[in-house]
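Enquirer: Pasting in a structure now, in structure tokens, and then I'll have a few things to ask.
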Amino acid sequence: MSIDTGVASERFEAALADLDVPVTYAEPTAFDRTLRSIARDPAIGTPLPFESVSLPEWVDEDPTPTSLESAKTGITAASMAIADYGSVVLPATDEGAEQVSLFPDLHVAVVRLADIVPNMQTAIDRLGPHLRDGGSAIVATGPSATADMGALVQGAHGPKEVHVVVLRGTESETAGETDE
Amino acid sequence: MSSADREAKAERIRHLLETEGDAVEANTLGFNRGRYESVAELEDYEALKTEARAIKEDAIERLPELIDEVRAAVEENGGTVYLADDAADANRYIREVASEKSADRVVKSKSMTSEELEVNEALERDGVDVVETDLGEWVLQVADDAPSHIVAPAIHKSREEIARLFNTQFDPEEPLETAEELTMFARERLGELIADADVGMTGANFITADSGSIMLVTSEGNARKSAVVPDTHVAVAGVEKIVPSVEDLAPFIELIGRSGTGQDITSYISLLTPPVDSPVVDFDDPDVAFADRDDDREFHLVLIDNGRTALREDEHLRETLYCIRCSACANTCANFQSVGGHAFGGETYTGGIATGWEAGVHGQDSAAEFNDLCTGCSRCVEACPVKIDIPWINTVVRDRINREGDDGRFEFLVEGLTPDEEPAGLDLQKRLFGNYETLAKLGSATAPLSNWTASVGPVRSLMERLVGIDGRRELPEFERRTLVDWFEARGPRVPAGDADREVVLYPDVYTNYVDVERGKAAVRVLESLGVHVRIPSVPGSGRAPLSQGMIETADEKASRVYAALAEHVDAGRDVVAIEPSDLAMFRSEYEKLLPEQSYERLRERSYDVLEYVYGLLENGADGTGLRTGDGGPEIAYHSHCQQRTLGLDRYTRAVLEELEYDVIESDVECCGMAGSFGYKREYYELSMDVGDRLAEQFTEPEARERLVVASGTSCEEQLGDLLARDAVHPVEVLDPQSRSRLE
């Protein structure tokens, strides 16, 4: 949807609503409390690359195959969000962000408000250098799903639910909201 | 084709209609509806398609250099690239990788390219356990069945069938029943199988030359697990999947889900630059933290040629390589919607574009099997996100199949009747339908005797046996007095000197010899709008032979049509066509058959009759002489497949509405008759099944009392058979003189 109406964050929210994906805004000071209200134990996560926040101590930040199998919630950072589609961009990391976002039933993606870009082309343009540098990423939109068994079911192999946390009050908040 | 072959084919289609038809219909119609809704939200849909096509054109043009670039990029990342000549070569390499890893199990995510290779069988012969992790593919693997759709391989299976299958095969404690239960059962079981797999195999929807990345379009998450859990990843892809840069991916991401399943985007677009940084998920070392691992992942990109380089050199089939395997052509295809991929498939690929793929990778025989199921309706051309002219590919392959010939046993029967340019061995049925113009000329000249002869029992059964014309179809009756003769005797009623515009009304074969009334109506409508009308004798457009794959005959016709019309076009006269499939020839196919300049000149001056009426009314012509909806009937309107592809249906709608008719319109892709298709013995049931979707719409309470109006000849015939009430052309509705006939 490239009909650009409203700021990127509002369109992102609307697209997530269409996907039935809840979104919660959080100030850095209230981040722990927000996560607590969303996550189900046991929760695992990978370190957040943001200056203003880090994962609370009740989140296992050092997941193993065992904790991956038993975790109910996986918390990872998204490097971007795409307003038109309600997508989050999940980079692969050597700490296992890809697995943490994929195995548990609930995936909580944390994205900075400033990193919401308006459309697909902008997102892909930004990913170009990252991929050319050897990086990988998943553009994830809603939970995993299948219709192969005769009706739409969520959680085919990946998460059954996704929750997006938008982090406010961080640096260069408006950068992502302008069209390129 | 012999009568027995024809019966066997009819029987197979009947069987598929009964067993798989309902599930396929429900699913493809859902996908197709989703596509319409989803692309309607795209403000720049056409621009995206143009961009996507340009990227593929460029990529295929530069393919050899892009292959080198991919190789360099992947190797720089630490992966390996193997360029396989054919399936055997690719399989040998993949087996070596599995053997070096001492792999007991390979987990695979869905990949049509790997189906093309039959790599599962090759690995299984070595004792490797190959597990399909896409839920649909897994169902087929458990059922020992083959995919019937490019994107949704098990589309032909109902939930009840899958439940029966799982309950029999796995004997779960509690019998599985709901889609949720079946999905969770599969998730758990496959999760265990993935956990101790040694190699993960995926396809690749796209490969970027600049970064050596692969893009995977999925929703389930199984491709992510297959790629990331084991330490070795093998991706197989046709060489045509390469695009120059990461930035080129954007339009395809926006188009692929919308075009295929009608989703704005699928759940996961994986952009992997393997070997990836993600740690291996090693369940033998379950308590070592991911962050503490130092994995040395292996990645093998196996690029397959398997006929693609030759396809690239083939000027007619080259466009096949632009295909992004989205399945829009299958979902939009009326025949596919009824009968699905098992009737519509070759060795691997199925649906509209499959003819190109099968001809390219498996050869003509594999394509021949289902080539005739393309009726050339052209609805896939509009659906295709890279604008591939799929009907043309089908026509070219059909022509080449014709040229392979058969024994030509009954040649003597039609020798005098069929002055065409085709080889002697051409199938008799195709030859007969391809030469409909000759038949019509003869039938008209000998009418009514010819009509009587054609209708008597022994003749009908002979026609059914020798050329496969289904006995259940009513045959069109030829008129003794053709439209051209009628007009020559009558003369124009608006003198050229008094008219602002001069028109050559194209006397298509059907209007001229069979439905002369609609031709007369068109003359009267045009004249009532102040137009000077001429009807010279012009040959058939070539549509009939083209639809049988008789390209040389069609080419010859195109030249003769142009010769007959050139002077009129030069004199500034407009060419107006009544039959949409003939106008589609002028506007589309003639590009392939005429010199560019001739094609352009004719295209620019030719119009659909209702489009022309619309233009006249818009430009101030006085429409009071036309019959209006005040006292006229309520209308149930069915446009025509090729007319819709050309975007011309809207003019008919606009004219009828401007003249205050109450109109409802069908939204099926095609009526199923499609020229000669519905007359053919082997396709009669399929044609009627397709037609049922249209019949349903026109028997709804809202529609069933309405006058049925259809733009195309074959649509009119089909509606007549389906509804037991006659249909008329929209121009007849406007004709003041046909008022009594229509009421």
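Enquirer: For a quick check of your reading: which helices (runs of 4 or more DSSP H) sit entirely within the range B:392-461 and have at least 2 residues that are touching a Pro at 6+ places or on another chain (Cβ under 9 Å) and at pLDDT 80 or above?
Expert: Details: elements: B:411-414, B:428-434, B:436-445, B:449-455.
Per the criteria, B:428-434, B:436-445.
Enquirer: For residues that are among the hydrophobic types (A, V, I, L, M, F, W, C), assigned to a loop (DSSP other than H, G, I, E, B) and more than 8 Å from every other protein chain (Cβ to nearest Cβ), tally how many sit in the range A:74-102.
Expert: Taking the range A:74-102 as the starting set, the residues that turn out to be among the hydrophobic types (A, V, I, L, M, F, W, C) are A:75, A:77-78, A:80-83, A:88-90, A:92, A:97, A:100, A:102.
Now drop any that are not assigned to a loop (DSSP other than H, G, I, E, B), which leaves A:78, A:83, A:92.
Imposing the further condition that a residue be more than 8 Å from every other protein chain (Cβ to nearest Cβ) reduces the set to A:78, A:83.
Counting residues in the range A:74-102 that are among the hydrophobic types (A, V, I, L, M, F, W, C), assigned to a loop (DSSP other than H, G, I, E, B) and more than 8 Å from every other protein chain (Cβ to nearest Cβ) gives 2.
Enquirer: Is it fair to say B:ALA291 is within 22 Å of B:THR183 (Cβ to Cβ), out of contact with any helix residue (DSSP H, G or I) (no Cβ under 6 Å at 6 or more places or on another chain) and either more than 9 Å from chain A (Cβ to nearest Cβ) or not polar (S, T, N, Q) (or both)?
Expert: Values: within 22 Å of B:THR183 (Cβ to Cβ): no; out of contact with any helix residue (DSSP H, G or I) (no Cβ under 6 Å at 6 or more places or on another chain): yes; either more than 9 Å from chain A (Cβ to nearest Cβ) or not polar (S, T, N, Q) (or both): yes.
No, not satisfied.
Enquirer: Next question, about the same structure. When you check B:LEU216 against the structure, is it crowded, with 24+ Cβ neighbours inside 10 Å, within 7 Å of chain A (Cβ to nearest Cβ) and at pLDDT 95 or above, yes or no? Please lay out each step first, then the result.
Expert: Details: crowded, with 24+ Cβ neighbours inside 10 Å: yes; within 7 Å of chain A (Cβ to nearest Cβ): no; at pLDDT 95 or above: yes.
Here the answer is no, as B:LEU216 does not meet what is asked.
Enquirer: Give the residues of the range B:245-279 that are in a loop (DSSP other than H, G, I, E, B), more than 7 Å from chain A (Cβ to nearest Cβ) and open to solvent by less than 10 Å² (accessible area, probe 1.4 Å), sorted by residue number.
Expert: Within the range B:245-279, B:PRO274 is the sole residue that qualifies.
Enquirer: Specify the residue that is most open to solvent (accessible area, probe 1.4 Å); the eligible residues are those in the range B:291-311 that are more than 23 Å from B:MET201 (Cβ to Cβ) and more than 40 Å from the chain's Cα centre (by Cα).
Expert: So the first thing to find is which residues in the range B:291-311 are more than 23 Å from B:MET201 (Cβ to Cβ), and the list is B:291-292, B:294, B:309-311.
So of that shortlist, the ones also more than 40 Å from the chain's Cα centre (by Cα) come out as B:291-292, B:294.
Values: B:ALA291: 50, B:ASP292: 111, B:ASP294: 147 Å².
Across the range B:291-311, the extreme among qualifying residues is B:ASP294.
Enquirer: Take B:THR628 and tell me if it is assigned to a helix (DSSP H, G or I) and modelled with pLDDT under 95.
Expert: Working: assigned to a helix (DSSP H, G or I): no; modelled with pLDDT under 95: yes.
For B:THR628, the condition - assigned to a helix (DSSP H, G or I) and modelled with pLDDT under 95 - is not met.
Enquirer: If you don't mind, another one. State which residue is farthest from B:PHE290 (Cα to Cα) when the search covers only the range A:61-73 and only residues that are within 12 Å of chain B (Cβ to nearest Cβ) and either in a strand (DSSP E or B) or open to solvent by 10 Å² or more (accessible area, probe 1.4 Å) (or both). Spell out the reasoning first.
Expert: Kept after step one, since they are within 12 Å of chain B (Cβ to nearest Cβ), are these residues of the range A:61-73: A:61-70.
Cutting the leftovers down to either in a strand (DSSP E or B) or open to solvent by 10 Å² or more (accessible area, probe 1.4 Å) (or both) gives us A:61-62, A:64, A:66-67, A:69-70.
Details: A:GLU61: 10, A:ASP62: 7, A:THR64: 6, A:THR66: 11, A:SER67: 11, A:GLU69: 13, A:SER70: 15 Å.
This residue is A:SER70.
Enquirer: Any idea how many residues of the range B:557-595 are closer than 24 Å to B:GLU422 by Cα, part of a helix (DSSP H, G or I) and open to solvent by 10 Å² or more (accessible area, probe 1.4 Å)?
Expert: Of the residues in that region, 13 qualify.
Enquirer: Here's something else I'd like to know. Counting only residues that are on the phi < 0 side of the Ramachandran plot and open to solvent by 30 Å² or more (accessible area, probe 1.4 Å), how many does the range B:664-683 have?
Expert: Quick first cut of the range B:664-683, residues on the phi < 0 side of the Ramachandran plot only: B:664-671, B:673, B:676-683.
Cutting the leftovers down to open to solvent by 30 Å² or more (accessible area, probe 1.4 Å) gives us B:664-665, B:667, B:681.
Final tally of qualifying residues: 4.
Residues checked against (1) among the acidic types (Asp, Glu); (2) at pLDDT below 95; (3) within 29 Å of B:LYS157 (Cα to Cα):
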| residue | (1), (2), (3) |
| --- | --- |
| B:ASP295 | yes, yes, no |
| B:ASN306 | no, no, no |
| B:ARG312 | no, no, no |
| B:ASN331 | no, no, yes |
| B:PHE344 | no, yes, yes |
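Enquirer: Give the range B:103-128 a look and list any residue that's open to solvent by 30 Å² or more (accessible area, probe 1.4 Å) and touching a residue at least 40 places away in the same chain (Cβ under 8 Å), or say none. Give the steps one after another, and end with the answer.
Expert: Of all residues in the range B:103-128, those open to solvent by 30 Å² or more (accessible area, probe 1.4 Å) come to B:104-105, B:110, B:115, B:118, B:121, B:124-127.
Within the range B:103-128, B:ASP104, B:ARG105, B:LYS110, B:GLU115 meet the criteria.
Enquirer: Any idea which of B:SER639, B:SER606, B:SER676, B:SER666 is modelled with pLDDT under 95 and in the same structural domain as B:ARG518 (by TED's automatic domain parsing)?
Expert: On the way: B:SER639 fails: modelled with pLDDT under 95; B:SER606 fails: modelled with pLDDT under 95; B:SER666 fails: modelled with pLDDT under 95.
Result: B:SER676 is the single residue among B:SER639, B:SER606, B:SER676, B:SER666 that is modelled with pLDDT under 95 and in the same structural domain as B:ARG518 (by TED's automatic domain parsing).
Enquirer: Would you check if B:VAL81 is in contact (Cβ under 8 Å) with a residue 40 or more places away in the chain and crowded, with 21+ Cβ neighbours inside 10 Å? Walk me through how you get there before you give the answer.
Expert: Working: in contact (Cβ under 8 Å) with a residue 40 or more places away in the chain: yes; crowded, with 21+ Cβ neighbours inside 10 Å: no.
No, not satisfied.
Enquirer: So how many residues does the range B:1-48 have that are of a type in the set (S, T, N, Q) and not in a helix (DSSP H, G or I)? Give the steps one after another, and end with the answer.
Expert: As a first pass, look at the range B:1-48 and keep what is of a type in the set (S, T, N, Q): B:2-3, B:19, B:27-28, B:32, B:38.
Filter once more, so that each one left must be not in a helix (DSSP H, G or I): B:2.
Matching residues across the range B:1-48 total 1.
Enquirer: Quick check on my filter: what residues within the range B:336-365 are touching a helix residue (DSSP H, G or I) at 6+ places or on another chain (Cβ under 8 Å), open to solvent by 10 Å² or more (accessible area, probe 1.4 Å) and either part of a helix (DSSP H, G or I) or β-branched (Val, Ile, Thr) (or both)?
Expert: Result: B:THR348, B:ALA359, B:GLY360, B:VAL361, B:GLN364.
Enquirer: Which residue out of A:GLY128, A:GLY155 is over 30 Å from B:GLU160 (Cβ atoms), open to solvent by less than 10 Å² (accessible area, probe 1.4 Å), among the small types (Gly, Ala, Ser) and over 14 Å from the mean Cα position of the chain (by Cα)? Give the steps one after another, and end with the answer.
Expert: On the way: A:GLY155 fails: over 30 Å from B:GLU160 (Cβ atoms).
Answer to the check: A:GLY128.
Enquirer: Evaluate the range B:222-241: report whether one residue or more is part of a helix (DSSP H, G or I), open to solvent by less than 10 Å² (accessible area, probe 1.4 Å), away from chain A (no Cβ under 11 Å) and under 28 Å from B:VAL302 (Cα atoms).
Expert: Yes, some residue in the range B:222-241 is part of a helix (DSSP H, G or I), open to solvent by less than 10 Å² (accessible area, probe 1.4 Å), away from chain A (no Cβ under 11 Å) and under 28 Å from B:VAL302 (Cα atoms).
Enquirer: Something else: Failed condition for B:LEU321, given (1) over 17 Å from the mean Cα position of the chain (by Cα); (2) not in a loop (DSSP other than H, G, I, E, B), with all others met?
Expert: Unmet for B:LEU321, out of (1) over 17 Å from the mean Cα position of the chain (by Cα); (2) not in a loop (DSSP other than H, G, I, E, B): (1).
Enquirer: Ok, one more. Across the range B:256-281, what is the number of residues that are out of contact with any Lys or Arg (no Cβ under 7 Å at 6 or more places or on another chain) and free of Cβ contacts under 8 Å to residues at least 40 places away in the same chain?
Expert: Residues meeting the conditions: 2.
Enquirer: Hey, which of the helices (runs of 4 or more DSSP H) in the range B:62-159, taking only ones fully inside, have at least 3 residues that are of a type in the set (D, E, K, R)?
Expert: Values: elements: B:63-77, B:87-100, B:112-117, B:119-125, B:135-143.
Once the helices (runs of 4 or more DSSP H) in the range B:62-159 are filtered for at least 3 residues that are of a type in the set (D, E, K, R), what remains is B:63-77, B:87-100, B:119-125.
Enquirer: Test B:SER537 against the criterion of being more than 26 Å from the chain's Cα centre (by Cα), under 29 Å from B:GLN737 (Cβ atoms) and open to solvent by 30 Å² or more (accessible area, probe 1.4 Å), and give yes or no.
Expert: Details: more than 26 Å from the chain's Cα centre (by Cα): yes; under 29 Å from B:GLN737 (Cβ atoms): yes; open to solvent by 30 Å² or more (accessible area, probe 1.4 Å): yes.
Criteria met by B:SER537.
Enquirer: Among the residues of the range B:679-699, write down those that are of a type in the set (Gly, Ala, Ser) and either modelled with pLDDT under 95 or out of contact with any Phe, Trp or Tyr (no Cβ under 8 Å at 6 or more places or on another chain) (or both).
Expert: So in the range B:679-699, the residues of a type in the set (Gly, Ala, Ser) come out as B:687, B:691, B:695.
B:GLY691, B:ALA695 - these are the residues of the range B:679-699 that are of a type in the set (Gly, Ala, Ser) and either modelled with pLDDT under 95 or out of contact with any Phe, Trp or Tyr (no Cβ under 8 Å at 6 or more places or on another chain) (or both).
The values are calculated or read from the model by the stated rules, or taken from the named source; none is laboratory data. Just so you know, these numbers come straight off a predicted model, no measurement behind them. Every residue, glycine as well, gets a Cβ built from its backbone with ideal geometry; the counts of neighbours run over all protein chains shown. Just so you know, the surface numbers come from the protein's heavy atoms only, side chains and all, with ligands and any DNA or RNA stripped out. Shrake-Rupley method; radii C 1.70, N 1.55, O 1.52, S 1.80 Å.
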